Amino acid sequence: MPTGAFKGSNPNSGLLQLHIAVLLFGGTALFSKIIPLNALDITVLRCVIAFFVLGSIVKLNKKNLHLQQLKHYFAALGLGILVSLHWVTYFSSMQRSSVAIGMIAFFTYPVMTVLIEPIINKTPLKRVDVVSGLAVLIGVTLLIPEANLDNDVTLGIATGILSAALFTGRNLLHKRYFSGYSGPQAMFYQTLVAVLVLSPWLEVDLHTITAETWASLLVLGVFFTAAPHALFASALRQLSAKTVGLVSCLQPFYGAVLALLLLNEQVNSTTIVGGLIILATAVFETQQNHKKNKA
């Protein structure tokens, strides 16, 4: 699915591409339940498939796969390590708890970003961001069934928050050193590094994987990894950062709805309340960030 197919500056087209991309990103979580492999094995095999598809997308758009500077290869290495650990913890979080809880825990990352970025940039931390952090903490507390890591749901939430922290680090590093590259080109290198870093710990014997599981992995790698990154990159060129940020906050909603419809995963009222607090805070911080960037 080459990004060249989505060229243009039509906001309506960009919005449709963005919603499809966010829907597919949300649907990614379902494969933690569908594919009968552990989180690391899913991540490695997903990245192998996505690596080849993303490389093809870049080539079909007649772009150069080479990076501009030597230091960018080191940045790609760091990004790949962070994203590989993020994906392993992301899938593990949902395997231990549920799709809805795992995705909500992961979506603490927008608030983590606004709390950590001022420290990196050596700028004052705003009081409103501290309040947002406390709101997210309350939301996460509502998700936790008991303060005991022997409880799978609690451990799943903790793993989801770790995944959010890794994703935050990856985004901040990407913004500083890798923002000049397209989404498919950036993810081409990150999936490559993820395969190289994680492959030594691959547990599954490839010969024992069924055709059905390979089909699921192929769908995950092509349609739920490479395709949404291509669509997302195209939408970024056509829409404002605010629109992209706000629509991205729908990812846990899309994931929870898909899990309800396809996996019959139920969500209790406490999870809904905690999730709404976290997502509302994420939306608020996205708006605040847009205002700050415009100032």
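The values are calculated or read from the model by the stated rules, or taken from the named source; none is laboratory data. This structure is a prediction, so every number in the text was calculated from the model and none was measured. When we count neighbours, we look across all protein chains shown, and the Cβ atoms used for this are built from the backbone with ideal geometry, even at glycine. The area values use the complete protein model at the heavy-atom level, side chains included, leaving out ligands, DNA and RNA. Shrake-Rupley method; radii C 1.70, N 1.55, O 1.52, S 1.80 Å.
Quick look at the values:
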item: Qualifying residue in segment 241-254 (condition: free of Cβ contacts under 8 Å to residues at least 40 places away in the same chain, under 21 Å from Ala135 (Cα atoms), out of contact with any Gly (no Cβ under 6 Å at 6 or more places or on another chain) and not in a helix (DSSP H, G or I)); result: no
item: From the options Ile120, Ile104, residue that is hydrophobic (A, V, I, L, M, F, W, C), modelled with pLDDT under 95 and open to solvent by 50 Å² or more (accessible area, probe 1.4 Å); result: Ile120
item: One residue from Val130, Val111, Val83 being surrounded by fewer than 24 Cβ atoms within 10 Å (Cβ to Cβ) and not in a loop (DSSP other than H, G, I, E, B); result: Val130
item: Leading residue by the ranking (modelled with the lowest pLDDT) among those in segment 132-158 that are under 22 Å from His86 (Cβ atoms) and β-branched (Val, Ile, Thr); result: Ile144
item: Test result for Ala147, among the aliphatic types (A, V, I, L, M), without any contact (Cβ under 8 Å) to a residue 60 or more places away in the chain and open to solvent by 60 Å² or more (accessible area, probe 1.4 Å); result: yes
item: Single residue of segment 50-75 satisfying the filter (within 14 Å of His229 (Cβ to Cβ) and in contact with a Leu (Cβ under 6 Å, 6 or more places away or on another chain)) that is least open to solvent (accessible area, probe 1.4 Å); result: Val58
item: Test: Leu45 is touching a Gly at 6+ places or on another chain (Cβ under 8 Å) and part of a loop (DSSP other than H, G, I, E, B); result: no
item: Residues being crowded, with 21+ Cβ neighbours inside 10 Å and either among the small types (Gly, Ala, Ser) or closer than 16 Å to Leu67 by Cα (or both) - total across segment 170-182; result: 1
item: Candidate set: segment 218-265, residues that are hydroxyl-bearing (Ser, Thr, Tyr) and under 21 Å from Lys59 (Cα atoms); chosen: the one modelled with the highest pLDDT; result: Thr225
item: Residue satisfying all of: in segment 193-208; more than 30 Å from His72 (Cα to Cα) and free of Cβ contacts under 8 Å to residues at least 40 places away in the same chain; surrounded by the fewest Cβ atoms within 10 Å (Cβ to Cβ) among these; result: His207
